[in-house]
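> This is the structure, below, for whatever I ask next.
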Amino acid sequence: MDEKMAIISEYKKAKKMSIIAIVLIVLAFSCLIVPALIQYYDDSAKLFLPVILIGFFGGNTIALILLVKAYPALLAADCRKMDERYEKQEPSRIMLSPESLAQIFQDNKFKYMKEGYYRKKTFSFLKDSVCYYVRITEDMDVENAMRREIERLYQVGKKDKNLCMLLFVCMDEVGEYAKKQIKELGKGTIVIESVMNCNISLTVLAIAVDRRRNTGYYMEIGRHGMLTLYSYGCKMLRKLFADAEEQ
């Protein structure tokens, strides 16, 4: 409880600092605007030039210092809010058959690469272009598979930009542990890309595939993340596969 109260206190302090910084910026620019408006009516305004310059540059400097100090706490608060939002959300489901995955990608003009990926590059007004890589692998641990495939993709796709990998991790049965991994990995990726770095150049959308139920599990992103590569991955996934009905 004490730790939570300390975090809340830091956030309130950072919020006050940011408000003060905004006020200082407004006042600093008013030091330029007001004399400019009255200079035609009062020739003595030129005498206040040093004061005007000190007010402008001094106010903006102090405001910048306050914003720099407040930024970490504000960023941490945004990350925490985003994390709490997705903590309440369970992984989404899509119906798919592991045996038909390869054919679906070929039918949608993904090109098979000798490195074992299916690749497709699409045009995007907001991202210039998005290069999709699809990898189908087997592993009982989603996090281990994700870490392994990211290292491989950095080498294979190093000449491309805006990489979005759809990682299908096939297993006999997707249990609670695998679902928890999908949730935590997806949630972490969404928070990083949506709050901390919206211009990230590579993202991975992990899908745990249950062979027995022909079902895939992944974390869906909300509307707030429309400009992220992760959101592009979710859109492509929905385009390729029909959403599963709620049981």
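Throughout, read-outs are computed from the coordinates displayed, never taken from laboratory work. Not measured: the values here are computed from a predicted model. Every residue, glycine as well, gets a Cβ built from its backbone with ideal geometry; the counts of neighbours run over all protein chains shown.
> Of the DSSP beta bridges with both residues in the stretch 92-240, give the percent that are antiparallel, rounding to the nearest 5. Display every interim value, and only then the final one.
Details: 16 of 33 bridges.
Of all bridge pairs located within the stretch 92-240, approximately 50 percent are antiparallel.
> List the residues, sorted by chain then number, that are 5 or more residues from GLU220 or on another chain and whose placed amide H is less than 5 Å from its amide H.
Correct list: SER92.
> Take LYS179 and SER100, extend 7 Å from each Cα along the Cα→Cβ direction, and tell me the distance between the two endpoints in nm.
Once both label points are built, they end up 2.4 nm from each other.
> Still on this structure, please answer the following. With a 10 Å Cβ neighbour count serving as the proxy for reagent exposure, in which order, fewest first, do ARG223, ARG135, ARG148, ARG212 appear?
ARG223, ARG212, ARG148, ARG135
> Still on this structure, I have one more. May I ask you to sort LYS16, LYS88 by Cβ crowding, counting other Cβ atoms within 10 Å and putting the fewest first? Walk me through the numbers before you get to the answer.
Working: LYS16 12, LYS88 6.
Starting with the residue having the fewest Cβ neighbours, the order is LYS88, LYS16.
> Quick one: of LYS111/LYS161; LYS88/LYS161; LYS109/LYS235; LYS179/LYS239; LYS121/LYS180; LYS15/LYS183, which pairs are farther than 25 Å apart, Cα to Cα? Walk me through the numbers on the way to the answer.
Values: LYS111/LYS161 17 Å; LYS88/LYS161 33 Å; LYS109/LYS235 16 Å; LYS179/LYS239 22 Å; LYS121/LYS180 31 Å; LYS15/LYS183 30 Å.
Exceeds cut-off: LYS88/LYS161; LYS121/LYS180; LYS15/LYS183.
> Near TYR133, within a Cβ-to-Cβ distance under 11 Å, what is the net charge of the other residues, with Lys and Arg +1 and Asp and Glu -1? Don't skip to the end; give the middle numbers.
On the way: positive: LYS111, ARG119, LYS120, LYS121, ARG135, ARG152; negative: GLU115, GLU149, ASP160.
Residues near TYR133 contribute +3 overall.
> Right, next: Expressed in nm to one decimal, what extension gain is obtained for the pair MET113 and LYS239 from 0.36 nm per residue of sequence separation less their Cα-Cα distance? Walk me through the intermediate numbers first.
Numbers: separation 126, 0.36 × 126 = 45.36 nm, distance 2.17 nm.
Gain on extension, MET113 to LYS239, equals 43.2 nm.
> Right, here's the next one. Order of GLU87, GLU138 from fewest to most other C-beta atoms within 10 Å?
Ranked by crowding around the Cβ, least crowded first: GLU87, GLU138.
> Right, another one. What residues qualify as long-range amide H neighbours of LYS121, i.e. H under 5 Å apart, gap of 5 or more or another chain, H built at 1.01 Å from N?
TYR132
> Modelled label-to-label distance, ARG213 and THR61, 7 Å Cα→beta-carbon offset: nm?
About 6.3 nm separates the two model spin labels.
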